[in-house]
Amino acid sequence: MPFIGRMLRRTITASEGNRFLNGDYAQIEARIPMWLSEQNDKLEVFRRNEDIYRAQAAPTYHKLPHELTKTERQIGKVQTLFLGFAGGVNAFIPAAMNYGLRITKEEAIPIVASFREDNSQLVNYWNANLQAAVNAVMYPGSTFHVAPKNIISWCLDGVCLCCKIPSGRILRYWAPRLEQGYWESGEPKASPDLTVIAIKGRAVFRRTLWRGLTFENCVQSIAADMLGHALVNMHDASLPVVLHVHD
């Protein structure tokens, strides 16, 4: 697959007298979470055009960013890309393997803990976003904004839980319900789970809207809106779009 991927662009050529221009939103999945949550120290890293992966790994290893080894920087990359949506140890280990890093559970625990401690504003936002969704189900007819920016809001509209993102677009979740949840150990959770109807193929089932999922839905939807905005701008500038992708 890597070989095919490297060859793919070579199979597409511009017609005579034209040329292809390639554009990309750099690290957009890392930037939007920090912007939404006002995790300002990481935003400053982006503004200074510094290596966000080194900046993220530095407190984990108690080093300055330039002192990190190549492997430690890779850990910072996995932290940035896979822990930003509230992923835990079980998400980090296979993600690290995708980058050729074999991490044990004992090694992953402090790495995940370091990320969350170093990005407390982001963690607070995960919780606030989910709580706003829960509040919307508990108090129909009211709208709940997510601090600190207050540009994402949740409300209940009939049988749909609605999340309004900055563009004004609405994300809808069908038939929300609060119900008793249980941990893997079988112990009941102190707070109820928020569940909605999901469809996969022919299967219709209830799934839990946990803090990582609600946050990821918001971030990816904002990123998609940014791509759409760029496509319209390019069309208006008489730059025909041949291919585009939002992953």
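The values are calculated or read from the model by the stated rules, or taken from the named source; none is laboratory data. What you are looking at is a predicted structure, and each value in this text was computed from that prediction instead of being measured. FYI the Cβ positions are ideal-geometry reconstructions off the backbone, even for glycines, and counts take in every protein chain you see. Just so you know, the surface numbers come from the protein's heavy atoms only, side chains and all, with ligands and any DNA or RNA stripped out. Shrake-Rupley method; radii C 1.70, N 1.55, O 1.52, S 1.80 Å.
The table that follows gives values for the structure above.
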{"quantity": "Accessible-area composition of the chain, carbon plus sulfur, in percent [1.4 Å probe]", "calculated": "55 percent"}
{"quantity": "Efficiency of FRET between ASN98 and VAL242 - r from beta-carbon atoms, R0 30 angstrom, step 0.05", "calculated": "0.55"}
{"quantity": "Accessible solvent surface per residue of the chain, calculated while the other protein chains remain in place, 1.4 angstrom probe, Å²", "calculated": "62 Å²"}
{"quantity": "Gain on full stretching of the segment that runs from GLU107 to SER185 - 0.36 nm per residue minus C-alpha separation", "calculated": "25.8 nm"}
{"quantity": "Options [x] 17.8; [y] 14.1; [z] 12.9 - which one matches mean projected area of the Cα convex hull in nm² as calculated here", "calculated": "[x]"}
{"quantity": "Percentage relative contact order, the chain, counting C-alpha pairs under 8 Å, at least six apart", "calculated": "13 percent"}
{"quantity": "Estimated FRET transfer efficiency when R0 is 22 angstrom, pair PHE46-HIS66 (beta carbons, to 0.05)", "calculated": "0.80"}
{"quantity": "Cα-projected label distance for ASP157 with LEU8, points at 7 Å along beta-carbon direction, nm", "calculated": "3.4 nm"}
{"quantity": "Ranked by how many other beta carbons lie within 10 Å on average, peptides 205-212, 34-41 from highest", "calculated": "34-41, 205-212"}
{"quantity": "Cα-based shape type of the stretch 25-147, given that a ≥ b ≥ c are square roots of the gyration tensor eigenvalues and the cut on a/c is 1.5", "calculated": "prolate"}
{"quantity": "Förster radius 35 Å - calculated FRET efficiency between ASP225 and ARG202, Cβ distance, rounded to 0.05", "calculated": "0.70"}
{"quantity": "Gained length - GLN121 relative to TRP174, 0.36 nm times residue gap less alpha-carbon distance", "calculated": "16.1 nm"}
{"quantity": "Size of charge dipole - the stretch 25-172 - debye, nearest 20, with Cβ of Lys, Arg +1 and Asp, Glu -1, no other charges", "calculated": "320 debye"}
{"quantity": "Among the listed pairs LYS164/LYS189; LYS42/LYS164; LYS42/LYS77, those beyond 22 Å (Cα-Cα)", "calculated": "LYS164/LYS189; LYS42/LYS164"}
{"quantity": "Helix runs (DSSP H) in the chain reaching 30 Å along axis by Cα, Kyte-Doolittle at least 1.0", "calculated": "none"}
